[in-house]
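Reviewing the structure listed below.
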Amino acid sequence: MSSSVQGKRIRKSPAARRAEIVDAAATVALTEGLECVTLRRIGEALGVRPGLISHYFPSAEDLVAEAFGSAASAELDALLPAERSGATATQHLARFFARAEGEAYDDISRLWINARHLSRYRSVLRDRVAEQEAAWRGRLGDLIRQGVEGGEFHTDDPYVTTIQILVVLDGLGAHANTDTGNRPEAVTRMAVTTAERELGLVSGALAASL
């Protein structure tokens, strides 16, 4: 009689399986594009049949929207955490701008370009893009209001200032698919310069606070 015992396959809970699917879809969205988020492609990534994916996401459109939402939420939490203890508002804003650059940020910028384009034709994705845009405005706006209340920032309208900063960041991010190696430093720092000007900070304050 053989003494070997075949290990039992552990059955994942529905919540764990769904999270696994969304994580895989978010990775594919970032590396290959939202057009590649299909039931078959995610099934291949996880080594399962497409039918298992469709059990959790009967519509591929729902999975595409969920993939974008997951990746965008992770980006927001990494760049501008909701928990802001242990530093001043100026320091948190400086760290935000420092993180919002480099290849990793280019990847998420490409995803936003991709999502906004596809959202013209996909209503579920359009709603998710709007939801993420609102989350960005809320998170950055809260930080700016915190700085105003603490006397660090000075602006007559924190909401307008928030929009101005995000518009500049979006404008710079729109070039993620092109070569920006020769971009002048004044252009690269445009979002920081805008923030310092609109928040009543001296030039260089957001670099000095890192």
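Values quoted throughout were computed directly from the atomic coordinates according to the rules given, and no laboratory measurement underlies them. If you're wondering where the values come from, they're calculated on a predicted model, not measured in any experiment. Every residue, glycine among them, receives a Cβ derived from its backbone with ideal geometry; neighbour counts consider all protein chains shown.
Local charge for Leu199 was computed over the other residues whose Cβ lies under 12 Å away, with Lys and Arg +1 and Asp and Glu -1, and equals -3. What is the distance in Å between the Cα centroid of the range 27-88 and that of the range 165-196? Here the answer is 26 Å between Cα centres. Comparing Arg95, Arg183, Arg110 in a Gaussian network model of the chain where C-alpha atoms under 10 Å apart are linked, the largest mean-square fluctuation is found at Arg183.
Taking only C-alpha pairs under 8 Å that are 6+ residues apart, what is the relative contact order of the chain in percent? Display every interim value, and only then the final one.
Numbers: 195 pairs, mean separation 40.0, N = 210.
That works out to 19 percent.
Across all C-alpha atoms in the range 83-132, the radius of gyration and Dmax reach 14.9, 44 Å.
Of all the options Arg99, Arg116, Arg11, the one that moves most in a Gaussian network model of the chain with Cα springs shorter than 10 angstrom is Arg11.
Taking each DSSP H run with n ≥ 4 as -39500 (n - 2.57) and averaging over every residue of the chain yields -21000 deg cm²/dmol at 222 nm. Annotation note: GluC sites (Glu not before Pro) in the range 64-140 located in DSSP loop regions with a Cβ neighbour count of at most 15 within 10 Å are Glu83, Glu101.
Out of Pro58, Pro184, Pro50, any idea which swings most in a Gaussian network model of the chain, alpha carbons joined below 10 Å? Between Pro58, Pro184, Pro50, it is Pro184 that shows the largest mean-square fluctuation. Only Lys, Arg, Asp and Glu carry charge here, each on its Cβ (+1 for the first two, -1 for the last two); on that basis the range 68-208 has a dipole of about 340 debye about its Cα centre.
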